[in-house]
Amino acid sequence: MKLAMIGIGQAGGKIVDEFLAYDARTGADVVRAAVAANTAKADLRGIEHIPQAQQILVGQSRVKGHGVGADNELGAEVTEEDIDEIQSALDSVAVHEIDAFLVVAGLGGGTGSGGAPVVAKHLKRIYTEPVYGLGILPGGDEGGIYTLNAARSLKTFVDQVDNLMLFDNDAWRSSGESVGEGFDAINAELVTRFGVLFSAGEVTAGSDVAESVVDSSEIINTLKGGGISSLGYAEVPVDEPTRTGLLSRLRGPADDGIDSTDATNRITSLVRKATLGRLTLPTELQGTERALLVVAGPSAYLNRKGIEHGRKWLEEQTGSMEVRGGDYPRRGNGTVAALVLLGGVTNVPRIKELQQVAIEAQQNRGEITGESEGRFTDLMDTGGELDSLF
Ligand code: GDP
């Protein structure tokens, strides 16, 4: 899947930067355009891979490059005022070559939290390609204002995108480590998961022939219908067969010394591990509207029966009749991996909790007056797609 990525705020910029590093490492060539926008000049300095011309400092006239703190209303305002600068950075993108836009931001801060929904709305207005969000939920130890920002931003962001994929920092913190200390490790996990999803279907020259390759339309169809998505991932090391491609297909996996029953069992157990292990956003499986299973690895290991068993198992677990499955042949990684995209999840304890904390924070602050009362009502508005979540 070919994407134009726009990272807003510090987390957004850093993660888009990581996707570029992933592309360079794996040769996936997923990121066809990358833009970082921030109100803080110092945060842009940490970016290594996004070209300078694609790094946009917004809100200079208001905040002089010093950031907006955790004020996400200000983040939204200055992004709106300077949206043309972000658009200019995107003008060179050959839109006919991309499958979708991806707007990436941490939802707990100021710039990304406020700015990401503004950018998504703008992109939807200008382009016909799908606009997806990748939102990072704050850690529980970050404080009330982060939770409140995230709850507000989540509601706005999900309404502006074709699907909002979430990653919950709180679920990924290692014990004894604050979220901040673990960001590099967390970002590596995040990019591995989303990297496999986006590279699936991008079979590059020299790749093995795929048996039932996942293409970008299957990812798009799984994300269609809006709402929130979560990803699961699991991998096991395998010996890479020396012979690859069509020859191994013609002779069959048995010729590679790979037992087909083992290959089937490996995949079915990976699918369970990916789904029942730590998801990017922990969620109940029942009630998930759509799902996609991608099995990645050397083609000799990509056993069709295993993928079909895994897909059926996912149907049972989610209760969804719309579960897609396919393979993504990749070499050189020394692993077979299962990636599960749960599209349109409906029962997410973290979102309910976030919502509750946000309501209490709002009440404690005793600021439910005028404009903020309007926003509070918006937050609690049960209309729209997220009825079951909010
Ligand atoms: P902004 O620049 O004002 O948008 O704020 P930040 O991006 O610095 O922080 C917003 C949220 O993103 C916080 O709640 C952090 O938990 C989270 N965050 C910041 N940096 C990273 C990062 O590198 N990785 C991840 N996963 N989360 C981050």
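Laboratory data are not the source of any read-out in this text; all were calculated from the coordinates shown. This is a predicted model, so every value here is computed, not measured. Neighbour counts run over all protein chains shown; Cβ positions are idealised from the backbone, glycine included.
If you count, for each residue, the other Cβ atoms within 10 Å and average over each peptide, how do 307-319, 283-295 line up from highest to lowest?
Values: 307-319: 18.2, 283-295: 22.5.
Ranking the peptides 307-319, 283-295 by packing returns 283-295, 307-319.
Using just the helices of the chain, give the 222 nm mean residue ellipticity in deg cm²/dmol: DSSP H runs with n ≥ 4 each add -39,500 (n - 2.57), and the total is spread over all residues, rounded to 500.
Numbers: 15 runs with 173 residues, N = 390.
For the chain, the value works out to -13500 deg cm²/dmol.
Based only on other Cβ atoms within 10 Å, what is the fewest-to-most ordering of His96, His66?
Numbers: His96 6, His66 13.
Listed from fewest to most nearby Cβ atoms, that is His96, His66.
First select every other residue whose beta carbon is under 15 angstrom from the beta carbon of Ser320; then total the charges, Lys and Arg +1, Asp and Glu -1. Mind showing how you got there, number by number?
Details: positive: Lys224, Arg290, Arg311, Lys312, Arg324; negative: Glu218, Glu284, Glu289, Glu315, Glu316, Glu322.
With Lys, Arg at +1 and Asp, Glu at -1, the net is -1.
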**Item:** Ellipsoid semi-axes in whole angstrom, largest first, where each is sqrt(5λ) of the Cα gyration tensor of the range 216-345
**Value:** 27, 13, 13
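Rank these for me by crowding, Arg32, Arg25, going from fewest to most other beta carbons within 10 Å. Show your work: numbers first, answer last.
Details: Arg32 16, Arg25 10.
Ranked by crowding around the Cβ, least crowded first: Arg25, Arg32.
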**For the range 275-332, convex hull volume per residue from C-alpha positions, Å³** = 88 Å³
**Item:** Potential lengthening between His66 and Arg278 on full extension [0.36 nm per residue; Cα-Cα distance subtracted]
**Value:** 72.7 nm
**Asked** Of all DSSP beta bridges located in the range 12-145, what percent are antiparallel, nearest 5?
**Response** 10 percent
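Provide the gained length on full extension for the span Asn347 to Arg45, in nm with one decimal, where the gain is 0.36 nm per separating residue minus the Cα-Cα distance.
Values: separation 302, 0.36 × 302 = 108.72 nm, distance 3.89 nm.
Additional length available on full extension: 104.8 nm.
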**Request:** Take every DSSP beta bridge with both residues inside the chain and express the antiparallel ones as a percent of the total, to the nearest 5.
**Result:** 30 percent
**Fill in**
Any lysines whose Cα falls less than 27 Å from that of Lys312, other than same-chain ones fewer than 8 residues away, would be Lys224, Lys273
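In percent, what relative contact order does the range 216-345 have, based on Cα pairs under 8 Å that are 6 or more apart in sequence? Could you put the intermediate results ahead of the total?
Details: 263 pairs, mean separation 53.8, N = 130.
Computed value for the range 216-345: 41 percent relative contact order.
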**Asked** In nanometres, what is the gap between the two model label sites at Asn364 and Gln286, each 7 Å from Cα along Cα-to-Cβ?
**Response** 3.4 nm
**Against the rule of thumb 2.2 N^0.38 Å, how large the Cα Rg of the range 1-149 comes out** = 0.97
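How high is the relative contact order of the chain? Use alpha-carbon pairs under 8 Å, at least six apart in sequence, and give a whole percent. Let's see the in-between values first.
Numbers: 855 pairs, mean separation 57.9, N = 390.
Relative CO of the chain lands at 15 percent.
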**Asked** Which whole-percent values make up P(r) of the chain when all C-alpha to C-alpha distances are grouped in 10 Å steps starting at zero?
**Response** 5, 24, 32, 24, 11, 3, 1, 0
